[in-house]
1. So, Met36, is that one out of contact with any Ser or Thr (no Cβ under 7 Å at 6 or more places or on another chain), open to solvent by 100 Å² or more (accessible area, probe 1.4 Å) and on the phi > 0 side of the Ramachandran plot or not?
2. If a residue has to be under 15 Å from the mean Cα position of the chain (by Cα), open to solvent by less than 100 Å² (accessible area, probe 1.4 Å) and either of a type outside the set (D, E, K, R) or under 14 Å from Leu21 (Cα atoms) (or both) to count, how many in the stretch 39-56 make the cut?
3. Can you name the residue in the stretch 7-33 that is among the β-branched types (Val, Ile, Thr) and either in a helix (DSSP H, G or I) or modelled with pLDDT of 80 or more (or both) and, of all such residues, is surrounded by the fewest Cβ atoms within 10 Å (Cβ to Cβ)?
4. Of Asp72, Asp82, Asp59, which residue is of a type in the set (Asp, Glu), surrounded by 10 or more Cβ atoms within 10 Å (Cβ to Cβ) and farther than 28 Å from Glu25 by Cα?
Amino acid sequence: MVDLYNVETYNADTRFNASYLNALERMLEKVLPHAMLKAKPNLESRIRTLKMDWATVYDLLNVKDNSNFGWDEHRQMVVAKDAIWNLYISVR
């Protein structure tokens, strides 16, 4: 997806235009020839999941009330003390 974004062929302002899924499907077919991944529903569903996951991580790291969360650059993950995680899970 980064490659598609950098090419700027499939950009529409801050989003991808409708044909990017087909281009992504062709790119994956070259790398994974027998996977038979289709743009709809496989890729579209995965992208939706990634957006939700990204929104959660963004909220954890950038909302004022969540200052107890941090980012571990080495492990590439959100970190916090166990008590903070338990409180977050019980609220959500």
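The values are calculated or read from the model by the stated rules, or taken from the named source; none is laboratory data. Because the structure is predicted, anything quoted here is derived from the model rather than measured. When we count neighbours, we look across all protein chains shown, and the Cβ atoms used for this are built from the backbone with ideal geometry, even at glycine. With ligands, DNA and RNA removed, areas are computed over all heavy atoms of the protein, side chains included. Shrake-Rupley method; radii C 1.70, N 1.55, O 1.52, S 1.80 Å.
1. yes
2. Count: 9.
3. Val31
4. Asp59
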